[in-house]
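K.L.:
First, the structure itself, so that you have it in front of you.
The values are calculated or read from the model by the stated rules, or taken from the named source; none is laboratory data. Note that this is a predicted model, so its numbers are computed, not measured. Using ideal geometry, Cβ is built from the backbone for each residue, glycine included, and neighbour counts are taken over all protein chains shown.
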Amino acid sequence: MAVFVQTKQKTPRGIWALRGVTVAITLILLVVVGTVAYSAYEDYSAVRAELAGGSQQAVGAAVLRGSTETVSINITVPNKGLYPLNVTLACNYPTSNVVCQRASVNVPPGEEGVLRFRMTVSDVSQFESSDNRVVNGTVSISMSPFVGLTVGTDFGGFIKSGGG
Amino acid sequence: MYGRTITTRKRITSAVWALVVNAIFWIVIPYYLGVFLSGRVPDSALTVPTFVYEFGILFIILEVGAAFFQGKAIAVPMISAVALLTVVYIWYATNGGILGVETSGITIALSFRLLLYVLVLPSIWAAIRAPLAYMVWRHAISSGASSSSPAP
(Lines give C-alpha, C1' and ligand atoms only; values in the text may rest on other atoms or scores of the structure.)
Protein backbone atom coordinates (compact mmCIF):
# COMPACT_ATOMS: atom_id res chain seq x y z
CA MET A 1 0.00 0.00 0.00
CA ALA A 2 1.56 3.25 -1.09
CA VAL A 3 1.59 6.09 1.38
CA PHE A 4 2.27 9.35 -0.34
CA VAL A 5 4.82 11.58 1.25
CA GLN A 6 3.93 15.17 0.62
CA THR A 7 5.18 18.42 1.92
CA LYS A 8 2.94 21.47 2.12
CA GLN A 9 0.27 19.84 -0.07
CA LYS A 10 -2.46 22.37 -0.75
CA THR A 11 -6.00 21.23 -0.18
CA PRO A 12 -7.42 20.46 -3.65
CA ARG A 13 -10.44 22.37 -4.93
CA GLY A 14 -12.43 19.15 -5.08
CA ILE A 15 -12.01 18.70 -1.33
CA TRP A 16 -13.29 22.24 -0.74
CA ALA A 17 -16.31 21.41 -2.90
CA LEU A 18 -16.97 18.25 -0.89
CA ARG A 19 -16.68 20.25 2.33
CA GLY A 20 -19.12 22.78 0.91
CA VAL A 21 -21.68 20.06 0.27
CA THR A 22 -21.13 18.74 3.80
CA VAL A 23 -21.74 22.19 5.27
CA ALA A 24 -24.88 22.63 3.13
CA ILE A 25 -26.31 19.27 4.22
CA THR A 26 -25.51 20.04 7.87
CA LEU A 27 -27.26 23.40 7.57
CA ILE A 28 -30.33 21.77 5.98
CA LEU A 29 -30.43 19.23 8.82
CA LEU A 30 -30.11 21.92 11.50
CA VAL A 31 -32.77 24.13 9.92
CA VAL A 32 -35.27 21.28 9.45
CA VAL A 33 -34.77 19.76 12.91
CA GLY A 34 -34.73 23.18 14.56
CA THR A 35 -37.90 24.44 12.90
CA VAL A 36 -39.74 21.14 13.46
CA ALA A 37 -38.79 21.12 17.16
CA TYR A 38 -39.71 24.79 17.54
CA SER A 39 -43.06 24.31 15.76
CA ALA A 40 -43.90 21.21 17.78
CA TYR A 41 -43.21 23.04 21.04
CA GLU A 42 -45.15 26.15 20.03
CA ASP A 43 -48.15 24.17 18.74
CA TYR A 44 -48.23 21.97 21.82
CA SER A 45 -48.06 24.97 24.15
CA ALA A 46 -50.75 26.85 22.22
CA VAL A 47 -53.20 23.92 22.03
CA ARG A 48 -52.61 23.06 25.69
CA ALA A 49 -53.26 26.64 26.72
CA GLU A 50 -56.39 26.67 24.56
CA LEU A 51 -57.79 23.54 26.17
CA ALA A 52 -56.71 24.25 29.74
CA GLY A 53 -57.22 28.00 29.70
CA GLY A 54 -61.02 27.81 29.52
CA SER A 55 -61.31 29.37 26.10
CA GLN A 56 -64.90 29.96 25.08
CA GLN A 57 -64.18 28.31 21.74
CA ALA A 58 -63.10 24.97 23.19
CA VAL A 59 -66.47 23.70 24.35
CA GLY A 60 -68.41 20.50 24.23
CA ALA A 61 -72.17 20.12 24.51
CA ALA A 62 -74.52 17.13 24.50
CA VAL A 63 -78.12 17.71 23.41
CA LEU A 64 -80.77 15.07 24.00
CA ARG A 65 -83.80 15.03 21.68
CA GLY A 66 -86.05 12.10 22.36
CA SER A 67 -83.72 9.13 22.54
CA THR A 68 -81.13 10.68 20.25
CA GLU A 69 -78.18 12.45 21.77
CA THR A 70 -75.91 14.69 19.75
CA VAL A 71 -72.49 15.51 21.14
CA SER A 72 -70.88 18.61 19.66
CA ILE A 73 -67.31 19.55 20.33
CA ASN A 74 -65.80 22.76 19.02
CA ILE A 75 -62.11 23.21 19.50
CA THR A 76 -60.10 26.22 18.43
CA VAL A 77 -56.77 25.07 17.04
CA PRO A 78 -54.11 27.78 16.98
CA ASN A 79 -51.03 27.27 14.89
CA LYS A 80 -48.09 29.20 16.26
CA GLY A 81 -45.54 27.02 14.54
CA LEU A 82 -43.86 27.35 11.18
CA TYR A 83 -45.53 24.46 9.37
CA PRO A 84 -49.18 23.87 8.41
CA LEU A 85 -51.04 21.99 11.12
CA ASN A 86 -53.73 19.46 10.32
CA VAL A 87 -55.98 18.11 13.07
CA THR A 88 -58.51 15.36 12.44
CA LEU A 89 -61.00 13.67 14.75
CA ALA A 90 -62.69 10.50 13.51
CA CYS A 91 -64.27 7.30 14.74
CA ASN A 92 -62.61 4.09 13.63
CA TYR A 93 -65.39 1.58 14.02
CA PRO A 94 -68.71 3.29 14.74
CA THR A 95 -71.01 1.04 16.72
CA SER A 96 -74.50 0.36 15.44
CA ASN A 97 -76.12 3.30 17.19
CA VAL A 98 -73.21 5.77 17.30
CA VAL A 99 -72.36 7.78 14.21
CA CYS A 100 -69.44 10.19 14.12
CA GLN A 101 -69.03 13.03 11.71
CA ARG A 102 -65.36 13.18 10.79
CA ALA A 103 -63.88 16.57 11.57
CA SER A 104 -60.74 17.96 10.05
CA VAL A 105 -59.11 21.35 10.02
CA ASN A 106 -56.02 22.55 8.23
CA VAL A 107 -54.45 25.55 9.93
CA PRO A 108 -51.77 27.60 8.13
CA PRO A 109 -48.91 28.98 10.24
CA GLY A 110 -49.89 31.94 12.41
CA GLU A 111 -53.61 31.37 12.04
CA GLU A 112 -56.41 29.66 13.95
CA GLY A 113 -58.92 27.07 12.87
CA VAL A 114 -62.02 25.65 14.50
CA LEU A 115 -62.56 21.92 14.64
CA ARG A 116 -66.25 20.95 14.80
CA PHE A 117 -66.81 17.35 15.77
CA ARG A 118 -70.26 15.72 16.03
CA MET A 119 -71.26 12.37 17.49
CA THR A 120 -74.83 11.14 17.28
CA VAL A 121 -76.17 8.35 19.49
CA SER A 122 -79.49 7.13 18.08
CA ASP A 123 -80.60 5.30 21.22
CA VAL A 124 -78.74 6.67 24.19
CA SER A 125 -80.48 4.52 26.79
CA GLN A 126 -79.49 1.38 24.90
CA PHE A 127 -75.93 2.69 24.61
CA GLU A 128 -75.82 3.45 28.34
CA SER A 129 -77.11 0.04 29.31
CA SER A 130 -74.87 -1.92 26.95
CA ASP A 131 -71.71 -3.60 28.20
CA ASN A 132 -69.61 -2.28 25.36
CA ARG A 133 -69.69 1.50 25.50
CA VAL A 134 -66.42 1.93 23.71
CA VAL A 135 -66.37 4.16 20.66
CA ASN A 136 -62.93 3.80 19.13
CA GLY A 137 -61.73 7.09 17.78
CA THR A 138 -58.54 8.66 16.56
CA VAL A 139 -57.08 12.10 16.97
CA SER A 140 -54.57 12.81 14.21
CA ILE A 141 -52.26 15.79 14.38
CA SER A 142 -49.83 16.32 11.55
CA MET A 143 -47.26 18.99 11.02
CA SER A 144 -46.98 18.84 7.26
CA PRO A 145 -44.87 17.42 5.80
CA PHE A 146 -42.54 16.15 8.47
CA VAL A 147 -44.32 14.75 11.53
CA GLY A 148 -47.64 13.09 12.19
CA LEU A 149 -49.07 11.94 15.51
CA THR A 150 -52.06 9.64 15.79
CA VAL A 151 -53.70 8.91 19.12
CA GLY A 152 -56.30 6.18 19.29
CA THR A 153 -58.61 6.45 22.25
CA ASP A 154 -62.16 5.87 23.47
CA PHE A 155 -64.65 8.60 22.51
CA GLY A 156 -67.41 6.92 24.57
CA GLY A 157 -66.59 9.22 27.46
CA PHE A 158 -68.01 12.17 25.50
CA ILE A 159 -71.49 10.62 25.67
CA LYS A 160 -73.19 11.53 28.93
CA SER A 161 -76.52 10.15 30.02
CA GLY A 162 -79.33 12.68 29.70
CA GLY A 163 -77.25 15.07 27.63
CA GLY A 164 -75.83 18.30 29.13
CA MET B 1 -5.78 13.60 5.06
CA TYR B 2 -4.19 11.41 2.37
CA GLY B 3 -1.36 13.71 1.47
CA ARG B 4 0.81 13.24 4.54
CA THR B 5 2.76 10.56 6.33
CA ILE B 6 1.31 9.03 9.45
CA THR B 7 3.57 7.23 11.87
CA THR B 8 2.68 3.81 13.26
CA ARG B 9 2.65 5.30 16.73
CA LYS B 10 0.05 7.83 15.69
CA ARG B 11 -2.02 5.09 14.05
CA ILE B 12 -2.01 3.01 17.22
CA THR B 13 -2.86 6.06 19.33
CA SER B 14 -5.78 6.94 17.04
CA ALA B 15 -7.02 3.34 17.05
CA VAL B 16 -6.87 3.11 20.84
CA TRP B 17 -8.63 6.44 21.15
CA ALA B 18 -11.37 5.26 18.72
CA LEU B 19 -11.69 2.03 20.70
CA VAL B 20 -12.11 3.83 24.03
CA VAL B 21 -14.55 6.47 22.76
CA ASN B 22 -16.72 3.99 20.86
CA ALA B 23 -16.69 1.42 23.67
CA ILE B 24 -17.90 4.11 26.08
CA PHE B 25 -20.55 5.33 23.64
CA TRP B 26 -21.85 1.96 22.43
CA ILE B 27 -21.27 -0.40 25.37
CA VAL B 28 -20.74 1.45 28.66
CA ILE B 29 -23.40 4.16 28.32
CA PRO B 30 -26.14 1.78 27.00
CA TYR B 31 -25.33 -0.74 29.74
CA TYR B 32 -25.60 1.77 32.59
CA LEU B 33 -28.64 3.35 30.93
CA GLY B 34 -30.27 -0.09 31.00
CA VAL B 35 -29.35 -0.56 34.65
CA PHE B 36 -30.72 2.90 35.45
CA LEU B 37 -33.99 2.32 33.58
CA SER B 38 -34.62 -1.13 35.05
CA GLY B 39 -33.91 0.27 38.53
CA ARG B 40 -36.19 3.26 38.12
CA VAL B 41 -39.09 1.58 36.32
CA PRO B 42 -38.87 -2.14 37.23
CA ASP B 43 -42.17 -3.23 35.67
CA SER B 44 -41.75 -1.44 32.38
CA ALA B 45 -40.29 -2.66 29.12
CA LEU B 46 -37.84 0.25 29.10
CA THR B 47 -34.62 -1.64 28.47
CA VAL B 48 -31.79 -1.13 26.06
CA PRO B 49 -32.36 -3.51 23.13
CA THR B 50 -29.67 -6.06 22.29
CA PHE B 51 -29.24 -4.67 18.80
CA VAL B 52 -27.58 -1.56 20.29
CA TYR B 53 -24.68 -3.72 21.51
CA GLU B 54 -24.59 -5.68 18.25
CA PHE B 55 -24.40 -2.52 16.19
CA GLY B 56 -21.94 -1.14 18.76
CA ILE B 57 -19.50 -4.00 18.19
CA LEU B 58 -19.64 -3.44 14.43
CA PHE B 59 -19.14 0.31 14.90
CA ILE B 60 -16.13 -0.30 17.18
CA ILE B 61 -14.47 -2.70 14.71
CA LEU B 62 -14.97 -0.36 11.76
CA GLU B 63 -14.02 2.83 13.62
CA VAL B 64 -10.85 1.27 15.05
CA GLY B 65 -9.94 -0.07 11.59
CA ALA B 66 -10.58 3.31 9.96
CA ALA B 67 -8.47 5.06 12.60
CA PHE B 68 -5.61 2.60 12.29
CA PHE B 69 -5.52 2.66 8.49
CA GLN B 70 -6.15 6.39 8.15
CA GLY B 71 -4.58 7.88 5.06
CA LYS B 72 -4.62 4.53 3.25
CA ALA B 73 -7.06 3.25 0.65
CA ILE B 74 -8.24 0.44 2.93
CA ALA B 75 -9.68 3.04 5.34
CA VAL B 76 -12.09 4.34 2.69
CA PRO B 77 -14.51 1.36 2.66
CA MET B 78 -14.37 1.33 6.45
CA ILE B 79 -15.37 5.00 6.67
CA SER B 80 -18.17 4.41 4.16
CA ALA B 81 -19.26 1.29 6.03
CA VAL B 82 -19.50 3.23 9.30
CA ALA B 83 -21.65 5.85 7.57
CA LEU B 84 -23.94 3.25 5.97
CA LEU B 85 -24.16 1.34 9.24
CA THR B 86 -25.25 4.59 10.90
CA VAL B 87 -28.07 4.89 8.35
CA VAL B 88 -29.17 1.30 9.00
CA TYR B 89 -28.93 1.83 12.76
CA ILE B 90 -31.02 5.02 12.74
CA TRP B 91 -33.59 3.38 10.45
CA TYR B 92 -33.74 0.25 12.63
CA ALA B 93 -33.86 2.17 15.93
CA THR B 94 -36.74 4.37 14.75
CA ASN B 95 -38.60 1.52 13.01
CA GLY B 96 -38.40 3.35 9.71
CA GLY B 97 -39.83 6.55 11.16
CA ILE B 98 -42.98 5.00 12.59
CA LEU B 99 -43.01 4.57 16.35
CA GLY B 100 -45.99 3.29 18.29
CA VAL B 101 -46.89 2.64 21.89
CA GLU B 102 -50.03 1.27 23.52
CA THR B 103 -50.91 1.88 27.13
CA SER B 104 -54.14 1.91 29.13
CA GLY B 105 -56.30 1.53 26.03
CA ILE B 106 -54.66 4.44 24.27
CA THR B 107 -52.53 3.88 21.19
CA ILE B 108 -50.06 6.51 20.14
CA ALA B 109 -48.32 6.40 16.77
CA LEU B 110 -45.68 8.87 15.69
CA SER B 111 -44.80 9.07 12.02
CA PHE B 112 -41.78 11.03 10.82
CA ARG B 113 -40.53 9.26 7.70
CA LEU B 114 -39.60 12.45 5.81
CA LEU B 115 -37.78 13.82 8.85
CA LEU B 116 -35.89 10.53 9.03
CA TYR B 117 -34.75 10.94 5.43
CA VAL B 118 -33.32 14.32 6.41
CA LEU B 119 -31.69 12.82 9.52
CA VAL B 120 -29.89 10.10 7.54
CA LEU B 121 -28.84 12.46 4.75
CA PRO B 122 -25.49 13.45 6.37
CA SER B 123 -24.57 9.78 6.85
CA ILE B 124 -25.45 8.90 3.26
CA TRP B 125 -23.35 11.83 2.11
CA ALA B 126 -20.47 10.73 4.36
CA ALA B 127 -20.56 7.28 2.72
CA ILE B 128 -20.34 8.89 -0.73
CA ARG B 129 -17.85 11.56 0.28
CA ALA B 130 -15.17 9.16 1.59
CA PRO B 131 -14.29 7.52 -1.76
CA LEU B 132 -14.70 10.85 -3.59
CA ALA B 133 -12.29 12.55 -1.20
CA TYR B 134 -9.81 9.74 -1.61
CA MET B 135 -9.98 9.99 -5.39
CA VAL B 136 -9.59 13.78 -5.30
CA TRP B 137 -6.55 13.54 -3.01
CA ARG B 138 -5.02 10.76 -5.06
CA HIS B 139 -5.52 12.73 -8.26
CA ALA B 140 -4.07 15.88 -6.66
CA ILE B 141 -1.05 14.00 -5.34
CA SER B 142 -0.46 12.21 -8.65
CA SER B 143 -0.72 15.41 -10.68
CA GLY B 144 1.67 17.14 -8.31
CA ALA B 145 4.10 14.20 -8.45
CA SER B 146 7.03 16.47 -9.23
CA SER B 147 6.94 17.70 -5.67
CA SER B 148 6.13 14.35 -4.10
CA SER B 149 7.22 10.75 -4.20
CA PRO B 150 5.58 7.57 -2.94
CA ALA B 151 7.02 6.32 0.29
CA PRO B 152 8.76 2.99 0.16
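K.L.:
Out of the range A:64-81, which residues are buried (at least 20 other Cβ atoms within 10 Å of the Cβ) and within 19 Å of the chain's Cα centre (by Cα)?
P.N.:
Across the range A:64-81, the qualifying residues are A:ILE75, A:VAL77, A:PRO78, A:ASN79, A:LYS80, A:GLY81.
K.L.:
Step by step: first the residues of the range B:100-127, then only those that are in a strand (DSSP E or B) and exposed (fewer than 14 other Cβ atoms within 10 Å of the Cβ), then the one that is farthest from the chain's Cα centre (by Cα). Which residue is that?
P.N.:
Within the range B:100-127, the subset in a strand (DSSP E or B) is B:100-103, B:106-111.
Subsequent filtering for residues that are exposed (fewer than 14 other Cβ atoms within 10 Å of the Cβ) retains B:100-103, B:106.
On the way: B:GLY100: 26, B:VAL101: 28, B:GLU102: 31, B:THR103: 33, B:ILE106: 36 Å.
If we take residues in the range B:100-127 being in a strand (DSSP E or B) and exposed (fewer than 14 other Cβ atoms within 10 Å of the Cβ), then B:ILE106 is farthest from the chain's Cα centre (by Cα).
K.L.:
If I ask for residues that are within 26 Å of B:TYR134 (Cβ to Cβ), under 13 Å from the mean Cα position of the chain (by Cα) and either small (Gly, Ala, Ser) or in a loop (DSSP other than H, G, I, E, B) (or both), which ones from the range B:45-75 would you list?
P.N.:
Those that are within 26 Å of B:TYR134 (Cβ to Cβ), under 13 Å from the mean Cα position of the chain (by Cα) and either small (Gly, Ala, Ser) or in a loop (DSSP other than H, G, I, E, B) (or both): B:GLY65, B:ALA66, B:ALA67.
K.L.:
Let me ask you something else. How many residues does the range A:72-131 contain that are free of Cβ contacts under 8 Å to residues at least 12 places away in the same chain and assigned to a loop (DSSP other than H, G, I, E, B)?
P.N.:
Qualifying residue count, the range A:72-131: 3.
K.L.:
Checking A:GLY156 against (1) surrounded by fewer than 16 Cβ atoms within 10 Å (Cβ to Cβ); (2) out of contact with any Gly (no Cβ under 8 Å at 6 or more places or on another chain); (3) at pLDDT below 80: exactly one of these is not met. Which one?
P.N.:
So the condition that A:GLY156 fails would be (1).
K.L.:
Sticking with this one: When the range B:60-78 is examined, which residues are found to be away from chain A (no Cβ under 13 Å) and either among the aliphatic types (A, V, I, L, M) or surrounded by fewer than 20 Cβ atoms within 10 Å (Cβ to Cβ) (or both)?
P.N.:
If the condition is that a residue be away from chain A (no Cβ under 13 Å) and either among the aliphatic types (A, V, I, L, M) or surrounded by fewer than 20 Cβ atoms within 10 Å (Cβ to Cβ) (or both), then B:ILE60, B:ILE61, B:LEU62, B:VAL64, B:GLY65, B:ALA66, B:ALA67, B:PRO77, B:MET78 are the ones that fit.
K.L.:
Just checking, how many residues over the range A:30-55 are buried (at least 16 other Cβ atoms within 10 Å of the Cβ) and more than 28 Å from A:ILE75 (Cα to Cα)?
P.N.:
Result for the range A:30-55: 1.
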